Structures are given as C-alpha cells and as structure tokens.
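The values are calculated or read from the model by the stated rules, or taken from the named source; none is laboratory data. All values reported here derive from a predicted model rather than from experimental measurement. Positions of Cβ are generated from backbone atoms using ideal geometry, with glycine treated the same way; all protein chains shown enter the neighbour counts.
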Ligand code: ADP
Ligand code: ASP
Ligand code: MG
C-alpha cells in the first residue's frame, strides 16, 4: 500500500465546488489503496484579507496575535474538506498543526519546523481515514500558535512527506507546473518537465512564488520528489528531483524577479576584523533575514556594506541599523526602498561561460540600470529599480531563449 501527500493551494480550494473537486482526488487515491494526507491552504485570498483586517485595526499588530488570526484561514478549509469527503461517503479527519504535533521555534510569522510527531497521523490511517492537515501552522514549545511564513503550506506538505517517508509529494496549484519564469509576467514562459532541487531552491528564493523555498529544502534533504501540477486538469506537471547529468547541458533553466525588497547601505564602517561579524550578529538577534551581502573598501580605507531585506523585515531592520550605526560610529545608513532583484538560474552555469555577459547585455539593451550584482555557482542576480522589473525579466527571458525547448534536452 502506498502513501500520498497532496497539497492544495488557496485557488484550488477557493469555493465549495473546488473543495469537492480536491476531495474527489483524495478519495480516488484512497480507493486505489493508498494512505492519503491532504495539506490544505486557506481558501482563495483569505490570508490576504485577514492581514488587511489586522492592518485596519492596528498599525503594528502583535505578531503572536497575527499568527492566531492567520491560522483561522486554514482551519476553515480543512474542516470543509473533511465535510466534503464525509458527504461523499468516505472517512476523513481534519487536524491543526498543534494536533499533529508540528513543533516549531518561537519566531512568530516565520517559524521554522523543528519536529513532527507522525503517530497521530498513523493512528488515523489505521482507522481508514483520509487525514487533512492545516498547512502553514504549528505550535512552539509553550503551546503558542505559530505560522511558517507566507506560502508555507508547501513546506508543511514536504515536511510531512519526509517524516512519513513518502516518495512523492503532489503540489496542486493554479498553474500546470513550473515555468521558465512567472507566466503572469511573461506570457512566453515555457513549462519545464523536470528541474533539479538546487535550481528550484534558487528560483523559489529569488522570487518564483510558485513554491515555498523551505519546502524544496525538505524535498532535497529527504529525497522526496515534488510533482507540481494543476488542480484543474489531469496533465502531468513538473517534477522537482535530484540533479542528473544532462541537466548541466541547459545553461539557464529559469529567471525570476522579486519586487518586495529594500536595500541597506552602511557607509563608512571601520575596516577592522570583527565588524561584519558584529553587524550581522545584531541582525540575527532580531530575526531579520538578509540577502545579497556586498562589502567593499573605499579609497579612504573605510568599509561599506550593503544587503537586501524583504519588506516584512524593513521596520525592524531600520531599528537594528540605527543601533549598528551608533555602535560602530558609521558615517551613514542609506535605505533604498523599494528595490527589485532580477535573476537567472541554471546548474549549467558551472560549466559554461558567457552567462553574465549575456545577462548584462540584455539589461543594457533594455535600458535597465544595475545597482548591484551578486552571484553564486548557479545564479546571477542584479538589484534594479522596481519600475524596470518586468521589462528586465522579459529582456532576460528573451536573451536566453527560455521560450524555446532547450537544444540538448
Ligand atoms: P498556491 O495558492 O496554489 O500555493 P501560488 O499563488 O502560491 O499558488 O503559486 C502559483 C503561482 O505562482 C502561479 O499562479 C504563478 O503566477 C506564480 N509563479 C511565479 N513564478 C512561477 C514559475 N516560475 N512557474 C510557475 N508559476 C509561477
Ligand atoms: N495561507 C497561507 C498564505 O497565503 C499559506 C499558503 O497558502 O501556503 O500565505
Ligand atoms: Mg503557494
């Protein structure tokens, strides 16, 4: 007997008919002889609506209360899903993060999973039930409700697939797979059949909102294949899996853009050992997540350090930078808000040259100014003005001919 973990995103459970459709998929898998876990997100735009409501009430709502509020969204959809399965004559039970023992750290709104106790789920399997788990939520050691960050129902699904030792985790969404870039921005985006964990991890962290990046980390670590597919059709989607040799033949697999960023530049720091360590210790203590760190030394011998943060961390980061400026007697803290980041990703970059030149050439031709550049072994990112973001993405997509089937595939 097999085990299926199926995750349904917000659009896939947006109304009663869609909930019934998702329920039918799970029932089909169950009657084919599998144990079935469904991980379900809040209906449609519920989470966005709850956030707006909180913002109407308070300028800075306590994060604990935000988690209390946001987790109600998933509680609605899991109970309705269980009712849909019951109404179709099958057995199901809905469970919250707390009820399945999904233990997280205590960082509200971006908690990380520490442990999952799969016993409860296994007991429910023994009773012949389809288990419906609320995505995106957990509890910390003291029983406080936490959430795992926007879009993190994917991560709940992959974490469950890992502890239950599933071979595949199915992610049902409103697109029929992973595309070379966001099809909402570039209509020529092409569906990818197979992509490596590392490439998808980069794409997801760099703005491809189709998957939560920590979900890919779980998939990679525990060797669970991820099948991203449409909840509206039966067509095969995209498989996210281990890298195989041929993947290196494709130089660039995809492009992504992230718009919700701000860049901090600390000007005139002492150029002495321990400054960066101290600076980022402050940042870490406040649970601020930073990226794109660049440090240079100017002609007067001072260090200048820049990095990006997501908007959700902006207010906190401003406070931290003021602390840091005073402590190190830095000349100035500059905050450029907003900025965007456009990136290309591909494992083939390791063995091919000319990628940077092609990317910068495409941006130059599109008259997009580059404010900073960061690279890793398999990606190149440029910090640009958000008003150029879509144009830049389209220019890069065209330059790397991502709309065409790769020649060597
Ligand atoms: P769900 O609610 O099912 O989790 P999301 O909205 O989180 O769905 O993710 C699906 C959306 O991700 C798509 O509608 C698409 O616009 C967007 N997206 C961004 N980048 C990509 C990409 N590279 N491939 C496919 N979809 C993408
Ligand atoms: N409902 C949550 C969100 O909108 C989690 C998810 O959908 O993955 O962010
Ligand atoms: Mg999502």
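Would you check if there is a residue in the stretch 279-289 being more than 27 Å from residue 396 (Cβ to Cβ) and in a strand (DSSP E or B)?
No, that holds for no residue.
Just one of 366, 340, 315, 281 is in contact with a helix residue (DSSP H, G or I) (Cβ under 6 Å, 6 or more places away or on another chain) and surrounded by fewer than 21 Cβ atoms within 10 Å (Cβ to Cβ); which is it?
366
Among the numbered criteria (1) part of a helix (DSSP H, G or I); (2) surrounded by fewer than 22 Cβ atoms within 10 Å (Cβ to Cβ); (3) modelled with pLDDT of 95 or more, which single criterion is violated by residue 236?
(1)
For the stretch 118-148, which positions are assigned to a loop (DSSP other than H, G, I, E, B) and within 16 Å of ligand 1 (Cβ to nearest atom)?
135, 136, 148
Only one of (1) out of contact with any strand residue (DSSP E or B) (no Cβ under 6 Å at 6 or more places or on another chain); (2) modelled with pLDDT of 95 or more; (3) more than 24 Å from residue 404 (Cβ to Cβ) fails for residue 300. Which number is that?
(2)
Restricting attention to strands (runs of 3 or more DSSP E) lying wholly within the stretch 168-230, give those where 2 or more residues are buried (at least 24 other Cβ atoms within 10 Å of the Cβ).
By residue number, 168-173, 225-230.
Kindly check whether there is at least one residue in the stretch 114-132 that is touching a residue at least 40 places away in the same chain (Cβ under 8 Å), assigned by TED's automatic domain parsing to the domain that holds residue 155 and within 14 Å of ligand 2 (Cβ to nearest atom).
Looking for residues that are touching a residue at least 40 places away in the same chain (Cβ under 8 Å), assigned by TED's automatic domain parsing to the domain that holds residue 155 and within 14 Å of ligand 2 (Cβ to nearest atom), one finds none in the stretch 114-132, hence no.
Evaluate the following for residue 151: is it in contact (Cβ under 8 Å) with a residue 24 or more places away in the chain, in a loop (DSSP other than H, G, I, E, B), within 15 Å of ligand 2 (Cβ to nearest atom) and in the same structural domain as residue 99 (by TED's automatic domain parsing)?
Working: in contact (Cβ under 8 Å) with a residue 24 or more places away in the chain: yes; in a loop (DSSP other than H, G, I, E, B): yes; within 15 Å of ligand 2 (Cβ to nearest atom): yes; in the same structural domain as residue 99 (by TED's automatic domain parsing): yes.
Here the answer is yes, as residue 151 does meet what is asked.
Of the numbered conditions (1) closer than 26 Å to residue 205 by Cβ; (2) exposed (fewer than 13 other Cβ atoms within 10 Å of the Cβ), residue 290 satisfies every one except a single condition; which is it?
Of everything listed in (1) closer than 26 Å to residue 205 by Cβ; (2) exposed (fewer than 13 other Cβ atoms within 10 Å of the Cβ), residue 290 misses just condition (2).
Just to be sure I understand, how many residues within the stretch 26-60 are in contact with a helix residue (DSSP H, G or I) (Cβ under 8 Å, 6 or more places away or on another chain) and modelled with pLDDT under 95?
Qualifying residue count, the stretch 26-60: 1.
Residue 216 versus (1) away from ligand 3 (no atom under 16 Å from the Cβ); (2) touching a strand residue (DSSP E or B) at 6+ places or on another chain (Cβ under 9 Å); (3) under 26 Å from residue 77 (Cβ atoms): which is the lone unmet condition?
Failed condition: (1).
Among 100, 93, 51, 27, which is the only one that is away from ligand 3 (no atom under 16 Å from the Cβ), part of a helix (DSSP H, G or I) and in contact (Cβ under 8 Å) with a residue 12 or more places away in the chain?
27
Give me a count of the residues in the stretch 239-265 that are within 16 Å of ligand 3 (Cβ to nearest atom) and modelled with pLDDT under 95.
1
Residue 259 versus (1) within 16 Å of ligand 1 (Cβ to nearest atom); (2) under 21 Å from residue 211 (Cα atoms); (3) not assigned by TED's automatic domain parsing to the domain that holds residue 376: which is the lone unmet condition?
Here residue 259 clears every test but (3).
Quick one: how many residues across the stretch 248-278 are at positive phi and either part of a strand (DSSP E or B) or surrounded by 14 or more Cβ atoms within 10 Å (Cβ to Cβ) (or both)?
Residues of the stretch 248-278 at positive phi: 268, 274.
Filter once more, keeping what is either part of a strand (DSSP E or B) or surrounded by 14 or more Cβ atoms within 10 Å (Cβ to Cβ) (or both): 268.
Counting residues in the stretch 248-278 that are at positive phi and either part of a strand (DSSP E or B) or surrounded by 14 or more Cβ atoms within 10 Å (Cβ to Cβ) (or both) gives 1.
Might you check whether a residue that is loosely packed, with under 15 Cβ neighbours inside 10 Å, within 25 Å of residue 237 (Cβ to Cβ), within 16 Å of ligand 1 (Cβ to nearest atom) and assigned by TED's automatic domain parsing to the domain that holds residue 110 occurs anywhere in the stretch 1-12?
no
Under the condition of being touching a residue at least 12 places away in the same chain (Cβ under 8 Å) and outside any helix (DSSP H, G or I), which residue from the stretch 54-88 is farthest from ligand 1 (Cβ to nearest atom)?
So, considering only residues that are touching a residue at least 12 places away in the same chain (Cβ under 8 Å) and outside any helix (DSSP H, G or I), the one farthest from ligand 1 (Cβ to nearest atom) is 60.
Taking the conditions exactly as written (within 16 Å of ligand 3 (Cβ to nearest atom), closer than 23 Å to residue 133 by Cα and assigned to a helix (DSSP H, G or I)), does residue 162 satisfy them or not? Break it down into steps so the answer makes sense when it comes.
Details: within 16 Å of ligand 3 (Cβ to nearest atom): no; closer than 23 Å to residue 133 by Cα: yes; assigned to a helix (DSSP H, G or I): yes.
Answer is no for this residue.
Among the residues of the stretch 206-220, which ones are more than 12 Å from ligand 2 (Cβ to nearest atom) and either touching a residue at least 24 places away in the same chain (Cβ under 8 Å) or more than 8 Å from the chain's Cα centre (by Cα) (or both)?
Filtering the stretch 206-220 down to residues more than 12 Å from ligand 2 (Cβ to nearest atom) leaves 206-208, 213, 216-220.
Across the stretch 206-220, the qualifying residues are 206, 207, 208, 216, 217, 218, 219, 220.
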